[in-house]
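**Q** Before I ask anything, let me first share the structure, which is written out below as structure tokens.
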Amino acid sequence: MKLISAVASALLLVASGAAFAQPIVVKFSHVVAEATPKGQGALKFKEVAEKLLPGKVQVQVFPSSQLFGDAKEMEALLLGDVQLIAPSLSKFARYTKKLQVYDLPFLFDDIAAVDRFQKSPQGVALLDSMKSKGIKGLGYWHNGMKQLSSNKDKLQRPEDVKGLKYRIQSSDVLEAQFRAVGANPQKMAFAEVYQALQTGVVDGQENTWSNIFSQKFFEVQKTIAVTNHGLVEYMVITNGPWWDKLPADVRDGLSKAMDEATAHANTLAEELNVRDMKRIADAGKAKIQPLTKDDVAAWRKAMAPVWKKFEGDIGADLIQAAAKSNK
Ligand code: LMR
């Protein structure tokens, strides 16, 4: 009798599909190391999503360009080969020109100002700016302010980078920024930067302290100037049609996990950058060059023409809204 009822309930389970229901696999691919704000945010997302949706989702995180690098991750997302990526905001120009606002040099005084803009109606609206391309923005993640480095002993004034080759992310604004100071920019995927610096294919690069540390750029650069001239910030994106077709409870759980992961990454970002700046200083390999107010003013002035050049594409109103978030 017991056996019969056990068989009956097993049959019921099978009939309801529960016994064979496979979790939905969510692949999250990114290009940075795990010990960075984005790396930690992705791991937090996995932890919370799998806790909120036990047996319903399985999140697989692929750091350090292991699955897809810069060049391929957007296409992979649109093809459904990966479900979540978080590219730097400098890498979206193929899909919207509006996000170029984040690349304008010296637009934001600090990450607190960036945060205010991202939470403003204009900043929130940008999450939907690629909807017609099938891309849905789920949130912004901070990294931090960019610093400029080179393989020369002197890096303090704009004239110090004249004629030098600089690796840039794939952004026309960043290209114009380096041309404005007389340097030669080269677009290059993140995974290739260390080797390009080491072999002299490029002389310098710009990035946050956490990226400069975790990618070991400080080992192959002589000077890092504390310029704070721009940002590395991210938008976590998903494939819009895939997201819309998810069962409502799964979508809801993933949204909650994303909110928690966002809060986690954004709280950690500054701490990790401060920690990594100190680690670079302690390593004693690259000199950290502080800048005077006068130095910063010179960089700001040299790079200022970039704003006008992109005002048409970005929109003067959006630039103004962003500038207003400085206190
Ligand atoms: C870069 O390509 O320099 C970085 O923005 C990579 C990243 O995702 O932080």
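**Q** GLN66 is checked against (1) in contact with a strand residue (DSSP E or B) (Cβ under 7 Å, 6 or more places away or on another chain); (2) within 16 Å of the ligand (Cβ to nearest atom) and fails just one. What number does that condition carry?
**A** (1)
**Q** State all residues of the range 193-233 that are closer than 20 Å to SER65 by Cα, without any contact (Cβ under 8 Å) to a residue 24 or more places away in the chain and not in a loop (DSSP other than H, G, I, E, B); if no residue qualifies, say none.
**A** Residues satisfying the conditions are GLN195, GLN198.
**Q** Okay, moving on. Would you please list the contacts, defined by Cβ atoms under 8 Å and residues six or more apart or on different chains, that run from a residue in the range 26-50 that is without any contact (Cβ under 8 Å) to a residue 60 or more places away in the chain to a residue that is more than 11 Å from the ligand (Cβ to nearest atom) and of a type in the set (Lys, Arg)?
**A** PHE28/LYS46
**Q** If LYS72 satisfies all but one of (1) surrounded by fewer than 19 Cβ atoms within 10 Å (Cβ to Cβ); (2) modelled with pLDDT of 95 or more, what's the number of the condition it fails?
**A** With respect to (1) surrounded by fewer than 19 Cβ atoms within 10 Å (Cβ to Cβ); (2) modelled with pLDDT of 95 or more, LYS72 is out only on (2).
**Q** Separate question: Within the range 139-158, can you find the residues that are over 14 Å from GLY204 (Cα atoms) and either out of contact with any strand residue (DSSP E or B) (no Cβ under 8 Å at 6 or more places or on another chain) or of a type in the set (A, V, I, L, M) (or both)?
**A** Of everything in the range 139-158, those that are over 14 Å from GLY204 (Cα atoms) and either out of contact with any strand residue (DSSP E or B) (no Cβ under 8 Å at 6 or more places or on another chain) or of a type in the set (A, V, I, L, M) (or both) turn out to be MET145, ARG157.
The values are calculated or read from the model by the stated rules, or taken from the named source; none is laboratory data. Computed from a prediction, not measured in an experiment: that's the story for all the values here. Glycine also receives a Cβ, built like all others from the backbone with ideal geometry; neighbour counts cover every protein chain displayed.
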